[in-house]
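Encoded as structure tokens, the structure appears first; notes follow it.
The values are calculated or read from the model by the stated rules, or taken from the named source; none is laboratory data. Keep in mind the model is a prediction, meaning the values are calculated, not measured. Virtual Cβ from ideal backbone geometry, glycine too; neighbours counted across all protein chains shown. All accessible areas refer to the heavy atoms of the entire protein, side chains included, with ligands and DNA or RNA removed. Shrake-Rupley method; radii C 1.70, N 1.55, O 1.52, S 1.80 Å.
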Amino acid sequence: MDLNRSCENQLKKIEKTISSNKVKGKDLIKITDSKQLNLFLIKNIYDKWNKNFKKNKMNYFDYETKEVEEATKNMMNVLSNNICIDFDEFKKLFYISMAEIVELASKPKGFLKKDFLNYSWYDLERIKIRSKYYEYFKDLFKILIEKIESNREISIKSHELNKYVDEITIEQNHELVKEVSVLLECNAEEISNIKDKSEFPYYSLFSINKNEVDSIIREAKSKENFENAAVLILDNLNEYYKKNLLSNDVKNLLFEIKKNHISPS
């Protein structure tokens with residue numbers, strides 16, 4: 001299974017179907033044969049917009065008023081109907097979304113818990129919105145909604161929501177595993193048997209092809225010291241991981257690089 005090669009093959013197909021080197025909103029819902037992947041592309045656009053909006057809030061305004069919340073929601077609805085992404089930027093989004101769908105297929109509970117941490121809190125509406133990005137695991141969202149309603153919670157912090165997730169048995173979805181195996185042109189068993197990310201180690205941290213990632217890692221290992229090696233790695237991470245430098249994925253890669261810069265005693 002080669003995640004980067006599969007991404008490259010899919011992107012070549014997509015490039016032939018779009019015009020003016022732009023991906024439009026109307027393209028996204030059917031841009032691949034995988035409905036789940038298409039939904040994740042839209043999910044990641046929404047998450048990027050939300051994080052950018054949150055980062056650029058100013059202290060001069062009250063963003064919690066009903067009028068502002070309604071205006072924000074209306075603006076997002078308008079923007080969602082006017083998506084227009086340069087293909088080079090779309091490639092980065094595609095690599096992230098492909099890595100996510102593989103992880104969801106192989107380790108659904110772990111992925112869902114990580115995905116819920118994109119927001120600090122949830123109410124029923126936000127959970128229902130999140131469920132729209134998942135073609136599978138609808139039963140999980142139904143259980144979560146029922147738990148929140150039965151406990152009469154108006155909102156819940158994400159780490160508390162994940163405690164509910166821990167109480168639920170979440171098995172691999174065989175339809176999703178099959179869907180992902182078709183995307184990656186591999187056997188379904190290869191997806192089902194992924195134990196951890198070492199099966200597709202560090203490629204999903206970057207928005208470049210496998211050979212370029214291998215080249216950067218070799219260069220980092222050959223640097224005269226770990227500080228210079230770390231700078232090289234961090235400069236080349238994709239946008240998601242540049243904003244999540246404390247994630248275990250980044251830490252694990254830097255740990256591997258650091259082992260090459262520890263002098264033998």
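Structure values in brief
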item	result
Relative packing of 143-152, 56-65, which averages over residues the other C-beta atoms within 10 Å, highest first	143-152, 56-65
Per residue, in Å², the accessible surface of the chain once ligands and nucleic acids are set aside, probe 1.4 Å	58 Å²
For the range 1-159: rounded, prolate or oblate by the Cα gyration tensor [a/c cutoff 1.5]	oblate
Gain on full stretching of the segment that runs from residue 232 to residue 158 - 0.36 nm per residue minus C-alpha separation	23.3 nm
Per-residue SASA entry for residue 226, accessible area with 1.4 Å probe, Å² rounded to 10	50 Å²
Per-residue ³J(HN,Hα) for the range 134-144, Karplus 6.51 cos²θ - 1.76 cosθ + 1.60, θ = phi - 60°, Hz, x for Gly and Pro	10, 5, 10, 6, 4, 4, 4, 5, 5, 5, 4
Nearest 10 degrees, 0 to 90: helix 66-80 Cα axis against the chain principal axis	50 degrees
Angle in degrees between helix 35-55 and the longest Cα principal axis of the chain, rounded to the nearest 10	80 degrees
Against the rule of thumb 2.2 N^0.38 Å, how large the Cα Rg of the chain comes out	1.09
Rounded percent of accessible protein surface that carbon and sulfur make up, the chain, 1.4 Å probe	49 percent
Whether the range 3-78 is rounded, prolate or oblate, judged on the alpha carbon gyration tensor where a/c under 1.5 counts as rounded	prolate
Degrees, to the nearest 10: 174-184 long Cα axis against longest axis of the chain	40 degrees
Phi to ³J(HN,Hα) by Karplus 6.51 cos²θ - 1.76 cosθ + 1.60 over the range 16-26, Hz, x for Gly, Pro	6, 9, 9, 10, 6, 6, 10, 9, 9, x, 5
Table column - 3J(HN,Hα) (Hz), the range 92-97, Karplus curve with 6.51, -1.76, 1.60, x for Gly and Pro	4, 4, 5, 4, 4, 5
Solvent-accessible area of residue 250 with every protein chain in place, 1.4 Å probe, in Å² to the nearest 10	0 Å²
